[in-house]
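Participant: One structure, pasted below without further comment.
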């Protein structure tokens, strides 16, 4: 981020404002995308991953293009003559920087039916495996 002019790395130049982090305890929750790593179908991780998807409202500010760490976003002109970001999903690492950095909230998350089916099937397999383990260990 610093190399792209988006922040400071010199600790002497950083002013910390507000309350101390230690004063606020929160329960940690894994992000939904992290749950994929624990599924039995890890080879389907690209299918299961949620990728950013352009919705509408691009003003061609180039924030997403400049902020993308993998440089996989380009701005094209659609059939209506409007600017539209295009993401090369083969290079996308699903960091969601484009979603966070866009001043117009032009991005959302794509939803895939296959993703949902695999997630449900995986969850069912985990439950069945846990049930079988329980039966084997405790009902001898």
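Participant: For a quick protection proxy, order the peptides 86-96, 65-75 by their average other-Cβ count within 10 Å, most packed first. Intermediate values should be presented prior to the final figure.
Facilitator: Details: 86-96: 13.8, 65-75: 15.6.
Ranked from most to least packed, the peptides come out as 65-75, 86-96.
Participant: Take the eigenvalues of the Cα gyration tensor for the stretch 69-129, scale each by 5, and report the square roots as semi-axes in whole Å, largest first.
Facilitator: Details: eigenvalues 209, 36, 25 Å².
Equivalent-ellipsoid dimensions as semi-axes: 32, 13, 11 Å.
Rule-based calculations on the coordinates, nothing more; no lab input. None of the values given here were measured: they were computed from a predicted structure. All Cβ positions, glycine included, derive from the backbone under ideal geometry; neighbour counts span all protein chains shown.
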